[in-house]
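Okay, structure first, notes after.
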Amino acid sequence: MAGTRAAIRYAKAVLDTANDKGVAVAVNADMATIASTINGNVELSAFIVNPTLGTDAKESALLEIFADVNPLTKDLFGLLSGNKRFEALSDIASEYNRLFDEMNGVEVAKVTTAIPMDAALEAKVLAKILTFSNKKIVIENIIDPAIIGGFILRIGDKQYNASIANSLQVLKRELSN
């Protein structure tokens, strides 16, 4: 939990600085790349959290891996090196993206389906989203064969479950009572 609070503080500070310098969009792209790279690469993730490696080695490796990022993002690497907080980098990047989207009125809708969404299902989901939110929506599709069919829509703390597995569970409860 403390790591998450630290990530939020770092992300807010970077976002404020990026807004002041007019580079918030570029830094947002950097943070999305950083988060997906670290979360998608087990070796890099293990390297960053390895306590036996020095912060200078981690900083120079990250500067080499992410050589094309904005100078403000590179400054974050230096700050994390000085504070020995590299293990929070992925969380900071994800939190920055969330705060940036929130600042711009964008919400992420997580849609869980049994198979990848097609255009027809995406249209149904977007129609349902209009009843939940009037913000700009970005759809994130999560595949879970356990729901059998239909979809589960989650926006913020609201959830709409139109899955077949849920319908069967409701029917089972009704029949057992």
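What to note about this one:
- The one condition in (1) over 16 Å from the mean Cα position of the chain (by Cα); (2) among the basic types (K, R); (3) at pLDDT 90 or above that K136 fails to fulfil: (3)
- Contacts under 6 angstrom Cβ, first residue in the range 81-102 being free of Cβ contacts under 8 Å to residues at least 40 places away in the same chain, partner open to solvent by less than 30 Å² (accessible area, probe 1.4 Å), 6 or more apart: F86/I48; F86/K58; F86/L80
- When the residues of the range 122-147 are filtered to those that are of a type in the set (V, I, T) and open to solvent by 60 Å² or more (accessible area, probe 1.4 Å), the one that is farthest from A162 (Cα to Cα) is V138.
- Any hit, the range 44-60, residues being farther than 30 Å from I143 by Cα, of a type in the set (K, R), in a helix (DSSP H, G or I) and touching a Leu at 6+ places or on another chain (Cβ under 7 Å): no
Rundown of residues vs (1) open to solvent by 60 Å² or more (accessible area, probe 1.4 Å); (2) not in a helix (DSSP H, G or I), yes/no style:
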{"site": "L72", "(1), (2)": "no, no"}
{"site": "D75", "(1), (2)": "yes, no"}
{"site": "D91", "(1), (2)": "yes, no"}
{"site": "E95", "(1), (2)": "no, no"}
{"site": "R98", "(1), (2)": "yes, no"}
{"site": "D101", "(1), (2)": "no, no"}
{"site": "I115", "(1), (2)": "yes, yes"}
{"site": "A120", "(1), (2)": "yes, no"}
{"site": "Q169", "(1), (2)": "yes, no"}
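The values are calculated or read from the model by the stated rules, or taken from the named source; none is laboratory data. Here the structure is a predicted model, which is why all the values come from computation and not from measurement. Here the Cβ is made from the backbone with ideal geometry for all residues, glycine too, and neighbour counts use every protein chain on show. We work out accessible area using only protein heavy atoms, side chains counted, and drop any ligands, DNA or RNA first. Shrake-Rupley method; radii C 1.70, N 1.55, O 1.52, S 1.80 Å.
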